[in-house]
Amino acid sequence: MQRSLEPEIMDAPDIPEELLARFHKDLARIHFFLGTHATIERFLRQDSQPLQRVLDIGCGDGLLLEYLQKKLSVEGIGIDQKPMPRPGVHIIAADAVSGDLPHADAAVCSLLNHHLTPEQNIALIRNVGRSCRRFVISDLIRHPMPLVLFSLFICPLIGHEAGADGRQSIRRAFTPEEFAELVRTALAGSGGTFSMDVSPFKSRMIVDIRYRP
Ligand SMILES: C[S@@+](CC[C@H](N)C(=O)[O-])C[C@H]1O[C@@H](n2cnc3c(N)ncnc32)[C@H](O)[C@@H]1O
């Protein structure tokens, strides 16, 4: 499968707020089915150093941060260029690829990387490394299997627009090999290391970057 570069409905600069809110509701449903939040929590817990502050890059409506604040008792800060407010969650409107990021112990991100070009992903990984010692990335995998499974089992449970964007997101995603190469380029010469975990049925990959010991 070739990577599709067609934009998603969600990327439209003038997307109405009501539609954006519906997208985030459907994304919450998708994360519930895939267990995304618990998976990110499990990875964050694998740390020998204390975790006090966590950034969520491309946090959307801040649902993951609300979850992590509760489960890990951390201070959460969300970064998003089109944020949706959530009571009790601190969200900053910014471009995470090029903007200054607050200092934190770790950053996470979910379903962001397929929206970015390879060059933007490399810049994002380097930018996060300036303010965090760790970056846990969760994203989709471009492969026919998740495309079929998503169309059969998840699309009937979510709105039409989110279904269309979800399918386009899988077509737009990187393969694990492509993404590993981007991470290697971003970390080259920095001493940073990473590991990658691919779920059964290729529904997601997690990339766990450690910038410094
Ligand atoms: C598919 S949504 C995922 C939202 C949330 N992380 C989740 O998993 O439900 C992608 C989010 O990334 C944000 N985004 C895209 N490019 C960004 C950038 N360069 N800097 C900050 N946020 C960005 C979008 O505004 C959107 O909220």
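Inspection of region 153-171 finds no residue satisfying the criterion of being of a type in the set (S, T, Y), out of contact with any Gly (no Cβ under 9 Å at 6 or more places or on another chain), closer than 22 Å to T39 by Cα and in a strand (DSSP E or B).
Here's the yes/no breakdown for (1) out of contact with any Asp or Glu (no Cβ under 8 Å at 6 or more places or on another chain); (2) within 18 Å of D139 (Cα to Cα); (3) among the basic types (K, R):
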| site | (1), (2), (3) |
| --- | --- |
| F43 | no, yes, no |
| S48 | yes, no, no |
| C59 | no, yes, no |
| S73 | yes, no, no |
| V89 | no, no, no |
| A107 | no, yes, no |
| Q120 | yes, yes, no |
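Answer yes or no: is there a residue in region 177-190 that is part of a helix (DSSP H, G or I), at pLDDT 95 or above, touching a Lys or Arg at 6+ places or on another chain (Cβ under 6 Å) and not charged (D, E, K, R). Yes: one or more hits. Within 10 Å of the ligand (Cβ to nearest atom), under 17 Å from H31 (Cα atoms), crowded, with 18+ Cβ neighbours inside 10 Å and not small (G, A, S) - does that describe any residue in region 92-105? Checking region 92-105: not a single residue is within 10 Å of the ligand (Cβ to nearest atom), under 17 Å from H31 (Cα atoms), crowded, with 18+ Cβ neighbours inside 10 Å and not small (G, A, S). One residue stands out in region 1-22 among those that are closer than 17 Å to N113 by Cα and outside any loop (DSSP other than H, G, I, E, B): the one that is farthest from the ligand (Cβ to nearest atom), namely I9. Restricting the first member to region 169-180 and to residues that are more than 13 Å from M196 (Cα to Cα), and the second to residues that are away from the ligand (no atom under 14 Å from the Cβ) and of a type in the set (S, T, N, Q), the beta-carbon pairs closer than 7 Å and six or more apart or on different chains are R171/S4; R172/S4.
If you take the residues in region 183-213 that are more than 18 Å from M1 (Cα to Cα) and of a type in the set (G, A, S), which one is surrounded by the fewest Cβ atoms within 10 Å (Cβ to Cβ)? Once the filter is applied, the top-ranked residue is G189. Among the candidates A164, A173, A180, the residue that is surrounded by fewer than 18 Cβ atoms within 10 Å (Cβ to Cβ) and within 15 Å of the ligand (Cβ to nearest atom) is uniquely A164.
The values are calculated or read from the model by the stated rules, or taken from the named source; none is laboratory data. From a predicted model like this one, the values you see are computed outputs, not experimental measurements. Neighbour counts are summed over all protein chains in view; Cβ atoms, including those assigned to glycine, are modelled from backbone coordinates with ideal geometry.
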